[in-house]
Amino acid sequence: AQSVTQLGSHVSVSEGALVLLRCNYSSSVPPYLFWYVQYPNQGLQLLLKYTSAATLVKGINGFEAEFKKSETSFHLTKPSAHMSDAAEYFCAVSGRTGGFKTIFGAGTRLFVKA
Amino acid sequence: EAQVTQNPRYLITVTGKKLTVTCSQNMNHEYMSWYRQDPGLGLRQIYYSMNVEVTDKGDVPEGYKVSRKEKRNFPLILESPSPNQTSLYFCASLRGGGTGELFFGEGSRLTVL
């Protein structure tokens with residue numbers, strides 16, 4: 001079975017500060033891992049994904065995430081937060097078989113202070 | 001423009017009044033799915049469809065029905081809505097090629113009184 005745990009339902013940072021959103025996963029098979037972002041009143045959109053190529057994955061808007069198998073983690077980072085990064089972020093895992101069922105974490109809401 | 005379109009975006013209804021939320025995608029994707037989003041619970045899968053011939057339950061299917069008569073459409077049906085179905089609903093389709101990437105609609109916020 002697969003599962004995702006996001007540590008911290010809310011994270012607050014100052015503009016220009018490092019953003020770190022934590023995600024740990026559980027999967028009995030090699031996973032695909034994703035970060036999705038949801039802006040207010042919008043659907044989710046893909047931020048970045050890990051599909052077994054490079055372990056350091058770069059996404060849109062300056063975000064990146066590193067797949068660490070030994071720690072079963074896929075934390076999302078951005079060196080310098082911008083006001084426009086305020087949104088809810090979801091970590092997700094899917095298998096490579098069985099219909100690609102995707103399991104989502106509970107989400108982390110990012111607040112950016114001026 | 002590639003997109004998943006849901007309607008209605010907002011709906012207030014009363015207990016027991018049947019309703020349908022439509023979903024359409026223009027990317028020729030085989031796989032489509034419905035999720036509900038509730039605070040603190042993330043997104044949970046209601047139903048999914050591998051293709052027009054295969055539809056199956058997700059993790060929270062009780063009280064919902066779906067149909068997949070054609071590839072582009074995947075409506076969600078609430079035969080007798082109840083207040084615990086008040087939620088934000090998302091339809092999604094899966095990009096082909098085996099990457100697992102989902103494309104989401106903008107969501108349908110449903111309130112059942």
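Report the charge-dipole magnitude of chain A in Debye, nearest 20, computed about the Cα centre from +1 at each Lys and Arg Cβ and -1 at each Asp and Glu Cβ.
For chain A, the charge dipole is close to 240 debye.
With θ taken as phi - 60° and the coefficients 6.51, -1.76 and 1.60, list the Karplus ³J(HN,Hα) couplings across segment B:33-45 in order, rounded to whole Hz; mark glycine and proline as x.
With coefficients 6.51, -1.76 and 1.60, one gets 8, 10, 10, 10, 10, 10, x, x, 10, x, 9, 10, 7 Hz.
Check cross-link reach from residue A:58 to the aspartates and glutamates: straight Cα distance under 19 Å, and skip same-chain residues fewer than eight apart.
Answer for residue A:58, where 19 Å is the Cα cut-off: A:66, A:85, A:88, B:101, listed by chain and number.
With springs only between Cα atoms under 10 Å apart, run a GNM on chain B and tell me which of B:95, B:72, B:36 wobbles the most.
The residue that fluctuates most here is B:95.
Which is farthest toward the positive dipole end of chain B among B:90, B:77, B:33, measuring Cα position about the Cα centre, with Cβ charges +1 (Lys, Arg) and -1 (Asp, Glu)?
Going by the charge dipole, the pick is B:77.
Non-local amide H neighbours of residue B:31 (under 5 Å, H modeled in plane, Pro and chain starts lacking H): which ones?
So residue B:31 has HN proximity to B:94.
Dipole of chain B, Cα-centred, from +1 at each Lys and Arg C-beta and -1 at each Asp and Glu C-beta, to the nearest 20 debye?
My answer is approximately 300 debye.
Compute the separation of the alpha-carbon centres of segment B:1-53 and segment A:1-65 and state it in Å as a whole number.
23 Å
Give, in nm to one decimal, the length gained when the segment between residue B:26 and residue B:5 is fully stretched (0.36 nm per residue of separation minus the Cα-Cα distance).
Separation in residues times 0.36 nm, less the Cα-Cα distance, equals 6.7 nm.
Please enumerate, by chain and number, the lysines with C-alpha under 22 Å from the C-alpha of residue B:17, excluding those fewer than 8 residues away in the same chain.
B:65
Pairs of Cα atoms under 8 Å, at least six residues apart: use those to get the relative contact order of chain A, whole percent.
That works out to 37 percent.
Identify, among A:63, A:4, A:27, the residue whose Cα sits farthest towards the positive end of the charge dipole of chain A, taking +1 on the Cβ of Lys and Arg and -1 on the Cβ of Asp and Glu, with the dipole about the Cα centre.
A:27
If I take every Cα pair under 8 Å that is 6 or more residues apart in segment B:36-113, average their sequence separation and divide by the length, what percent do I get for the relative contact order?
23 percent
Any idea what diffusion coefficient chain B gets from Stokes-Einstein, in µm²/s, Kirkwood Rh on alpha carbon pairs, 20 °C, 1.002 mPa s?
153 µm²/s
FYI, it's all coordinate maths here, none of it is from the lab. This structure is a prediction, so every number in the text was calculated from the model and none was measured. Positions of Cβ are generated from backbone atoms using ideal geometry, with glycine treated the same way; all protein chains shown enter the neighbour counts.
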